[in-house]
1. Put a dot 7 Å past each Cα toward the Cβ at D372 and K425; how far apart are the dots in nm?
2. In the chain, once you exclude exposed GluC sites (Glu not before Pro) (DSSP loop, at most 14 other Cβ within 10 angstrom), what's the longest stretch remaining?
3. Separation of region 117-189 and region 1-68 by C-alpha centroid, Å?
4. If the cut-off is 15 Å between C-alpha atoms, which aspartates and glutamates fall inside it for K338, apart from same-chain ones fewer than 8 positions away?
5. Tabulate in residue order the Karplus-calculated ³J(HN,Hα) for region 569-575, using 6.51 cos²θ - 1.76 cosθ + 1.60 with θ = phi - 60°, rounded to whole Hz; enter x for Gly and Pro.
6. Can you tell me, using C-alpha contacts under 8 Å and at least 6 residues apart, the relative contact order of the chain as a whole percent?
7. Can you give the charge dipole size of the chain about its Cα centre, rounded to the nearest 20 debye, using +1 on the beta carbon of Lys and Arg and -1 on the beta carbon of Asp and Glu?
8. Report the antiparallel proportion of the DSSP beta bridges in the chain as a percent, rounded to a multiple of 5.
Amino acid sequence: MSVGYISMKPATWSYGMQSRAASRIGERPDVGGAVEAAFRAGMTEAIVFAKDHTGFCFYPTKTGFVHLRLKVDLTGGMTRELHRRGMKSIAYINLGMDGELGRRKPEWRHESAPGVFTDVKDHYVGMCIFSDCMEKYMLPLVAEVMTANHMDGVFFDPITTYDYCCCPACRKAFEAEFGKPLPLPDDPDNPLWAKYGPFQYRRIVDNMNRFRGEILKIDPKAVILFNHYGGPFYPMEFPGVLDGAISGDPRAAFPQITLFANYMSAMPYGGDIYIERFFHGWGDRCDLSDLSMEYKSASIFMYGQRWCVGDRMHPECRMAPGSTHAMQTIVRTWSEMKQYLPEKFKRTPDMLMLFPESQSGGKALREFGRIDFRKRYRFYAAYQLLVDAGRSVMAVPEMMLEKHLSADRLLVLASYEYLKPATEKRIRQFAADGGAVLVSDRLPVLDDDSIPEWLGIGNAEKKPCQPGIYLTPFEKNDADAELPLVRGNIHRIGPASAQVLLCATEQYDGTLMGAGFNSSAAGPGKLPLLTVNRYGKGKVYYLNAPLFSDYIDVSPQQKQWCEEMLRRIRPKPACRLDSPSGNVELASHEAADGRKFFILVNHGGRQALSFLNPDGERIVEPQPVFKVILHVACPEKQAVLLNGKKADSVWRAGEQRIPVAMDSVWKIVQLGPES
């Protein structure tokens, strides 16, 4: 496994065809025209639908269910057009939903609780892949898709495939292994849940390996993707994750898009950001401006990752006008950004934000397959806080920590619940060797529920003492100044070897004001807020307040306090961005010849359709102009180019300061030796 230089990957297209029985498919096809558009845009492969959620196949299948009103061999015909142009064709197969099969084989359905099934009339039915569905239907169908259509690989969309299931097949498998009944959702305290998570993880790995084995027999070079697995939703090792590209399907909104692209850039072969909904739904593109499409493109390309556009073809099997225009806009953005970047570059983040396996699996995988996915939001908030604070950060899954951890980077653990032994060992050694670690929001525990020794915290009360806390300023301020409030559980801690740097300011008289938060006390109390433990040659800081997860509501005061904390913890970063309101993201890269490249993306002007539909987020024109200053550590003054043109800067005391007016979606700053 190697992690090194990456390049700007061109976008790719998914020619989706979600359909119900009543819709005509292929009435006036222009499959060749759709493929030609992608070819002219510089794309090298595409995803072609073979089987959709309803269970319909879009080729003359002998194993599955041909769409009742299909008038064209969409899967095979599009593959032939792609191959004619030297492009790869990857088959889309929905793995866990199949309405046609479910209505014929109800005994194979996915059962989320006793007697609870997912069955949408005329559309999809949730299926259990661990029933006879696997051997008697899915494996033969996948083999047919590959061979009959001469595909170059398969994109599996599991959706709910691997979620908890208590169907007869799953109950039988669990009891066969443990000699006891499968725990049921109405019994959350059943101790057997601790066995279910690891059991389900092993089954998923075995299932994926089975699919991979059968496909690779047909084509040893086949591309095989299981959407989301190995990505931010399931940030752990699954078959193929470390030796091939992965795929993630975020909401089409900040910070998920850039977070997913950032995360993918930490993986050995990167990955695809599979955005598939843009406004009200799959067929509605009318309210997406070119600026919105450029913004979403730049958010992915800034980390050198590929945008796989989850488009939907017109039912007549041609590209809709909006799709054609969107493709042109995306490719134009990619081409314009690429001209200011080297052919290959490597990421040079100043800090790492560790992305926990426990957010999907709980402690030691005990919650795997039944996790509360709202836990993800705290990590989105943590990422946005670091971005708004102007830091160049890499979101790193635990499986990649060893590859990216180095003494010149600050390691951040925000809202971490649990550290598995291998991860804890790496962090312990990193600190002992001189590394700096910031742990925030809560104290992570080990397998025996103890607190890692390198934190220097002897004990912590399990019961929260307050539902929120005020952040004490680092310097004395006006007595009447309001302090930033941080909401969330606050615990009393007992430092052992750690030194208390700052104590928290509690609520007035330590109590709420009715149903809301009280004013702050006159000054800090005795509750430790920020501690530091000198461990070996390094330092480990702990922030005893859920600042990062509470940033979900984007408080400017919280941002300012965080910036000051980071300045004190890491006074000489490799680079940082001064942006008074945040809203500008910084990605730092370096070419093989030592030139430095900084990509800045303007997140201002975003407007969501509604809180319930973040996919409708678009840019309202004109975008706000943010005046920022890029600080770069340089031993001597460097020449500066801003989007290819010479730009002013000031060098002082080993730091170069470059003022940038963010009056466009993106800008690229280049630093190199003065000629």
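1. Taking the simple label geometry, K425 and D372 are separated by 3.3 nm.
2. Between exposed loop sites, the widest span is 28-342.
3. 23 Å
4. Once the sequence-local aspartates and glutamates are set aside, what remains near K338 is E294, E590.
5. With the stated coefficients, region 569-575 comes to 6, 10, x, 10, x, 5, 6 Hz.
6. Computed over the chain, the figure is 12 percent.
7. Value, rounded to 20: 980 debye.
8. Among the beta bridges of the chain, antiparallel pairing accounts for roughly 55 percent.
Just so you know, all these numbers are worked out from the coordinates, no wet-lab data involved. Because the structure is predicted, anything quoted here is derived from the model rather than measured. A quick note on method: Cβ atoms are made from the backbone with ideal geometry, for glycine too, and the neighbour counts reach across all protein chains shown.
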